[in-house]
Structures are given as structure tokens and as C-alpha cells.
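Below is the structure I would like to discuss, written out as C-alpha cells.
The values are calculated or read from the model by the stated rules, or taken from the named source; none is laboratory data. None of these values were measured; they are calculated from a predicted model. With ideal geometry, Cβ positions are generated from the backbone for all residues, glycine too; neighbour counts draw on all protein chains shown. Protein only, heavy atoms only, side chains kept; ligands, DNA and RNA dropped before computing areas. Shrake-Rupley method; radii C 1.70, N 1.55, O 1.52, S 1.80 Å.
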Amino acid sequence: MRRVHRQALPGRVQTYLDNKAQATAGMQDIESAWKTARQTKTLETVVGILQSTMGPRERCMYCVDSHGSDIDHFWPKATYPNRAFLWPNMLLCCTECGRFKGIRFPLSGAGDPMLVDPSAENPWEYLDFDPDTGNLTARYDVKSGAPSPKGESTVQVLQLDRREGMAEGYRQTYRRIVSRVRGALAGDAIDPQQFAQDLQQADDHGLLGWCFGPVGRRLPPFAELQRKVPDAWDACVAEVISIEGHSQ
Ligand SMILES: [Zn+2]
């Protein structure tokens with residue numbers, strides 16, 4: 001998963017959504033209203049904006065592996081119809097993630113979503129990556145001494161620890177990143193900024209946040225980069241911070 005930065009919608013699109021939200025307020029059966037709206041050019045524009053946010057391959061915002069083809073309502077519209085036309089509630093999703101998530105939307109005792117919203121938070125605060133299997137798992141929380149509950153339920157809902165095709169995609173990206181880091185370690189002169197951008201280009205799955213985060217940075221190629229080519233390391237960390245909006 002990767003941190004996604006939501007763009008503002010063009011004025012007329014936002015106005016359309018606002019009007020729809022108003023017109024459907026209090027409506028319990030939102031499905032038909034949504035179906036009709038979904039067929040409009042305006043909603044196609046919304047899908048296009050979500051897709052362009054996810055790069056040339058228009059990846060799903062949950063698995064970041066398959067092609068994102070439809071709008072997923074983070075708070076499911078069947079259960080929370082008043083959120084059906086809210087832009088912050090719209091994510092881009094592939095058919096597989098859409099099927100796994102369905103109307104599953106676990107909440108904490110306090111009523112907060114127990115599912116990572118990549119457009120609102122940094123997924124690597126809750127998730128961990130296993131370079132051997134390519135699976136995503138819950139991040140171990142040092143403070144509580146247990147895996148992150150939100151990470152666990154995200155993995156469970158989206159089955160992020162048992163999707164072979166997805167795992168293979170993550171492994172390939174990881175290998176690509178590692179091989180570039182090794183290349184930088186072997187070369188005698190590299191431009192730090194260029195290197196950080198190359199890594200960013202190679203990162204199809206949002207893994208840099210993990211590689212330069214608390215777990216990845218202890219692994220050989222990254223630890224060695226920090227020790228031997230600190231300029232390149234700093235540039236990569238700065239790149240990750242600019243994506244995630246904070247330091248880990
Ligand atoms: Zn997906």
C-alpha cells in the first residue's frame with residue numbers, strides 16, 4: 001500500500017457531488033441513485049482523477065498491484081448511504097479488493113474504522129512487509145507489544161497476506177529497489193537526488209516507505225547505504241517524507 005494524496009475536484013464535479021449528496025440525504029436505498037449517477041460523464045471524470053492519482057498503471061489504492069477500475073466507498077454506501085457522494089469517501093479499487101472488502105468495514109469500540117485509508121493516513125504505520133513472501137502483514141507495535149489491531153483487520157479484510165499474484169508483484173518491486181541500492185553501493189559517484197528519483201520510479205507498490213522505515217532500514221542494503229552513501233540515504237529519506245508527509 002502507499003500513501004495517496006487526494007486532489008481537489010474541478011468545481012463543476014464537486015458541485016455535482018454536493019447536489020447529489022443533498023438530493024439523496026436521508027435516502028436509505030442509495031443503490032439506484034448511485035447506479036444512475038455512476039453512468040454519468042461526471043462520475044467517469046471522478047474515476048479518471050482517481051486513476052491519474054495512481055500513476056500510469058492506474059493501480060488500485062488498496063493492493064497497489066491490480067488495475068483500479070471502479071470507485072470503492074471507504075465507508076460502504078450500503079451501510080452509510082449519506083457518505084455515498086462524499087469525495088473523501090471515494091477510493092480507487094480493483095475487482096479483487098472490491099470483492100474482498102464488499103460491505104466489510106470493521107469499527108473500533110470508539111467507532112473508528114479498523115481499515116487503513118491510504119488517502120488519509122500512512123499505511124506503513126499499520127502494515128509491515130515480508131520481503132521473502134511478498135505478503136503484507138500487521139506491523140508490530142512496540143508500545144503495546146502486539147501487532148497493530150488496525151493493521152491486522154486491514155490484512156484480514158483485504159486478504160493481503162494470501163494473494164499470490166499480488167505478493168509476486170511486491171517481491172518484484174522489492175528486488176528492483178534492492179538491486180538499484182546495490183548498484184549505488186557498487187558505483188563510485190552517484191547524484192543523490194537523481195538516485196532518490198530513480199528509486200521512486202522503480203517503486204510500483206509504495207515500498208519505499210517500508211524500505212526506509214524502521215524495519216527496512218535495518219536490512220543490509222539499506223543499512224549499508226546509510227553508512228556508506230549518507231547523501232543518497234538522506235535524499236531517499238527526504239523523498240519518502242515528501243510522499244508520506246512526515247518522518248517515521
Ligand atoms: Zn486491489
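Which one, Q201, M166, I177, projects farthest toward the positive side of the charge dipole computed for the chain from Cβ point charges (K/R +1, D/E -1)?
It is M166.
Relative to the first principal axis of the alpha-carbon coordinates of the chain, what is the inclination of helix 164-186, with its axis defined by its Cα atoms, in degrees from 0 to 90 and to the nearest 10?
The helix 164-186 is inclined about 40 degrees to the chain.
Additional query: On a 0 to 90° scale, report how tilted helix 11-23 is relative to the longest principal axis of the chain, with both axes built from alpha carbons and the result rounded to the nearest 10.
In the chain, helix 11-23 runs at an angle near 50 degrees to the longest axis.
Still on this model: Hey, what did the chain get for relative contact order, percent, Cα under 8 Å, at least 6 apart?
Worked out over the chain, it gives 17 percent.
Segment 114-248: D in µm²/s via Stokes-Einstein (Kirkwood Rh, Cα pairs, 4 °C, 1.567 mPa s)?
85
Another one. Using a 10 Å cut-off on Cβ atoms, rank the peptides 140-148, 219-227, 234-242 from the highest mean neighbour count down.
Going from most to least packed, we get 234-242, 219-227, 140-148.
Same structure again: How much net charge surrounds G55 when only other residues with a Cβ under 12 Å from its Cβ are counted (Lys, Arg +1; Asp, Glu -1)? Intermediate values should be presented prior to the final figure.
Details: positive: R2, R57, R59; negative: E58, D203, D204.
Local net charge: 0.
Let me ask you something else. Only four residue types carry charge here, +1 at the Cβ of Lys and Arg and -1 at the Cβ of Asp and Glu. Report the dipole size of the chain about the Cα centre in Debye, rounded to the nearest 20.
400
Using only Cα atoms, tell me the angle between helix 149-158 and the longest principal axis of the chain; keep it within 0 to 90° and round to the nearest 10.
70
Quick one: which residues, 5+ away or cross-chain, put their amide H under 5 Å from the amide H of D141? H built at 1.01 Å from N.
A146, S148
Jot down the radius of gyration and Dmax of the chain, Cα atoms only, both in angstrom.
For the chain, the Cα radius of gyration and maximum Cα-Cα distance read 19.4, 65 Å.
For D70, list long-range residues whose amide hydrogen, built 1.01 Å from N in the peptide plane, is under 5 Å from its own amide hydrogen.
HN-HN under 5 Å from D70: C93.
Does segment 41-129 classify as rounded, prolate or oblate by the C-alpha gyration tensor (a ≥ b ≥ c root eigenvalues; a/c under 1.5 gives rounded; else a/b over b/c gives prolate, otherwise oblate)?
Note, shape of segment 41-129 comes out oblate.
At 1.4 Å probe radius, can you tell me the per residue accessible area of segment 68-173 in Å²?
Details: 4700 Å² over 106 residues.
Result: 44 Å² per residue.
Counting only protein heavy atoms and using a 1.4 Å probe, what share of the accessible area of the chain belongs to carbon plus sulfur, as a whole percent?
That share works out to 49 percent.
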